[in-house]
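Undergrad: My structure is below; once you've seen it, I'll send some questions.
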Amino acid sequence: MFHLTDIILFWIPFGLIAYNWMIFPVLLILVVRLRRSVHLGRESESPQELPRVTIAVAAWNEEKCIGEKIRNCLAFDYPPDRLEILIGTDAVTDRTNDVVRTFSDRRVRLWTTDQRLGKSEVLNRLMPLAAGDLVLFTDADVLMSPAALRMAVRRFRDERVGVLLFHYERRNEEGHVAEGLWDRYENWLKRLEGELGAAVGVYGWAMMLRRSLCRPIQPETINDDWVLGTRPFRWGYAAVYEPRATSWTKAEKARVEFTRKTRISRGNIQAFFMMPDLFLPKFGVKSWVLISHKLLRWVTPVLLLAMLVGSALSWQVPFFRVVLLLQMAVLLTTPLVLVARGLARRLLLMQYYVWTNLAMVVGYWQYFFGRRLVYNWLRTTRN
């Protein structure tokens, strides 16, 4: 017989985590099958219907990759007269602006300032300059397949679609797809959620919006991509996912990923306080997906801590004794994530899960108790 303490500190947290990872995906599959008639984002095959597209890139000190980024965008299989590339920079201290100016193609435009504004404000300055019907927001170190743009814009024939998320991959330096069980799982979830118009796994690597939805965001916004990509739910628009619109970036080391995840965690808390209404039942399936996919992920560190405490308090029960020993074993071996390579990384799935949640804890601490950063520029060191 379970005690009340066991139920509150162990079984409820365990149930919520199990729901997030196992029950929610099953329910998602069932809901998608029941709503197959929705057909969000029907494709348009007629070339003359292709809309004008603006590619918006906010960059800071990206001289090592901005040239390749622009060449990649110019190589899209898309009518040249329907494409423009806006590069926005602020107070760069390297040759980023000089590299952009070497491109004589009239489709490439540079907006820059000597004043330090931060990424979100640079995006705010680029939005009014966009001439396209659709705006593709993408990072400077992200590359895309030649057909990606054409595949993406077809989904906007459906007027209900306001946001489109690209398929993404992280690849190692040799160009092969990195060991990314997490990425493959997230892409799979986004595909299902996109069938319902509720693709909430937003990443700024590659995300397309209708220009009418490109409205200013608060300059101090940390996760500008998530705010831009989720806010249209308020206005009745759907967010879909296109698996054939492929984007990829470099797979980073565990330490770099840890820093990135702490920044994202700070932004998650900030975004929740900015847009708490999106989690209300009035948004229907979208709020259900937000709560099930995102909110439960954000509180997982608290749930894991509760399970650890609950197991320790019930140490005298054999079941909880075994569970506690397993939890401690995973915690103590989590630092191996920093040095593991190849097959060893696949054997450390639970440790990677804990590592990710530790990054969230650090991010939350920084948000509530740390020094608030004025400028939202986080970029990895380019080789």
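The values are calculated or read from the model by the stated rules, or taken from the named source; none is laboratory data. As the structure is a computational prediction, the values presented were derived from the model and not from experiment. Here the Cβ is made from the backbone with ideal geometry for all residues, glycine too, and neighbour counts use every protein chain on show.
Undergrad: Out of all the residues in region 253-275, is one or more closer than 19 Å to LEU189 by Cβ and without any contact (Cβ under 8 Å) to a residue 60 or more places away in the chain?
TA: Within region 253-275, one or more residues are closer than 19 Å to LEU189 by Cβ and without any contact (Cβ under 8 Å) to a residue 60 or more places away in the chain.
Undergrad: Report whether or not GLU242 is closer than 23 Å to THR138 by Cβ, surrounded by fewer than 20 Cβ atoms within 10 Å (Cβ to Cβ) and of a type outside the set (Gly, Ala, Ser). Lay out the reasoning, then the answer.
TA: On the way: closer than 23 Å to THR138 by Cβ: yes; surrounded by fewer than 20 Cβ atoms within 10 Å (Cβ to Cβ): no; of a type outside the set (Gly, Ala, Ser): yes.
Taking the combined requirement at face value, the residue does not satisfy it.
Undergrad: Then there's this: Please work out which residue is surrounded by the fewest Cβ atoms within 10 Å (Cβ to Cβ), limiting yourself to region 263-274 and to residues that are under 12 Å from TRP226 (Cα atoms) and hydrophobic (A, V, I, L, M, F, W, C).
TA: My answer is PHE272.
Undergrad: Hey, does region 288-302 have a residue that's crowded, with 18+ Cβ neighbours inside 10 Å, more than 30 Å from ALA238 (Cβ to Cβ) and in the same structural domain as LEU27 (by TED's automatic domain parsing)?
TA: Yes, region 288-302 contains a residue that is crowded, with 18+ Cβ neighbours inside 10 Å, more than 30 Å from ALA238 (Cβ to Cβ) and in the same structural domain as LEU27 (by TED's automatic domain parsing).
Undergrad: Looking at region 133-151, which of its residues are over 17 Å from the mean Cα position of the chain (by Cα), under 11 Å from ALA206 (Cβ atoms) and of a type outside the set (Ser, Thr, Tyr)?
TA: Result: ALA148, LEU149.
Undergrad: Are there any pairs, at least 6 apart or on different chains, whose C-beta atoms fall under 9 Å, with the first in region 350-372 and of a type in the set (A, V, I, L, M, F, W, C) and the second not in a helix (DSSP H, G or I), and if so, which?
TA: Short answer, once both residue conditions are applied: TRP355/LEU348.
Undergrad: Output the number of residues of region 116-136 satisfying the condition of being in contact with a Gly (Cβ under 6 Å, 6 or more places away or on another chain) and either under 24 Å from TYR78 (Cβ atoms) or of a type in the set (Asp, Glu) (or both).
TA: Total satisfying the criteria: 1.
Undergrad: Ok, one more. Do any helices (runs of 4 or more DSSP H) entirely within region 162-278 hold 1 or more residues that are among the acidic types (Asp, Glu) and closer than 30 Å to ALA344 by Cβ, and if so, which?
TA: Values: elements: 181-195, 224-230, 254-274.
Fully inside region 162-278 and qualifying: 181-195, 254-274.
Undergrad: Anything in region 93-111 that is more than 20 Å from VAL53 (Cβ to Cβ) and within 26 Å of the chain's Cα centre (by Cα)? List them, or say none. Steps first, answer last, please.
TA: To start, the set of residues in region 93-111 that are more than 20 Å from VAL53 (Cβ to Cβ) comprises 93-99, 101-102, 104.
Selection gives THR96 alone.
Undergrad: Just checking, does region 183-200 include any residue being within 28 Å of PRO128 (Cβ to Cβ), surrounded by 18 or more Cβ atoms within 10 Å (Cβ to Cβ) and among the aliphatic types (A, V, I, L, M)?
TA: Step one: list which residues in region 183-200 are within 28 Å of PRO128 (Cβ to Cβ), which gives 197, 199-200.
Going one step further and asking which of them are surrounded by 18 or more Cβ atoms within 10 Å (Cβ to Cβ), we end up with 197, 199-200.
If we keep only those that are among the aliphatic types (A, V, I, L, M) as well, we get 199-200.
Yes; the residues of region 183-200 include at least one that is within 28 Å of PRO128 (Cβ to Cβ), surrounded by 18 or more Cβ atoms within 10 Å (Cβ to Cβ) and among the aliphatic types (A, V, I, L, M).
Undergrad: Could I ask something else about it? Of everything in region 178-220 that's at pLDDT below 95 and hydroxyl-bearing (Ser, Thr, Tyr), which residue is nearest to the chain's Cα centre (by Cα)?
TA: So, considering only residues that are at pLDDT below 95 and hydroxyl-bearing (Ser, Thr, Tyr), the one nearest to the chain's Cα centre (by Cα) is TYR203.
Undergrad: When region 245-262 is examined, which residues are found to be buried (at least 20 other Cβ atoms within 10 Å of the Cβ) and under 26 Å from TYR367 (Cα atoms)?
TA: THR262
Undergrad: Shifting gears a bit: Any residue in region 172-182 that is within 23 Å of GLU49 (Cβ to Cβ) and either crowded, with 21+ Cβ neighbours inside 10 Å or among the hydrophobic types (A, V, I, L, M, F, W, C) (or both)?
TA: First pass over region 172-182, keeping only residues within 23 Å of GLU49 (Cβ to Cβ): none.
There is no residue in region 172-182 that is within 23 Å of GLU49 (Cβ to Cβ) and either crowded, with 21+ Cβ neighbours inside 10 Å or among the hydrophobic types (A, V, I, L, M, F, W, C) (or both).
Undergrad: For the subset of region 102-128 comprising residues that are hydrophobic (A, V, I, L, M, F, W, C) and touching a Ser or Thr at 6+ places or on another chain (Cβ under 8 Å), which member is farthest from ILE217 (Cα to Cα)? Steps first, answer last, please.
TA: Step one: filter region 102-128 for residues hydrophobic (A, V, I, L, M, F, W, C), giving 103, 108, 110-111, 117, 122-123, 126-127.
Among the residues that remain, those that are also touching a Ser or Thr at 6+ places or on another chain (Cβ under 8 Å) are: 110-111, 122.
Numbers: LEU110: 21, TRP111: 18, VAL122: 10 Å.
Going through the qualifying residues, I end up with LEU110.
Undergrad: Kindly indicate the residue of region 82-119 that is modelled with pLDDT of 95 or more and assigned to a helix (DSSP H, G or I) and also surrounded by the fewest Cβ atoms within 10 Å (Cβ to Cβ) among those meeting that condition.
TA: ASP98
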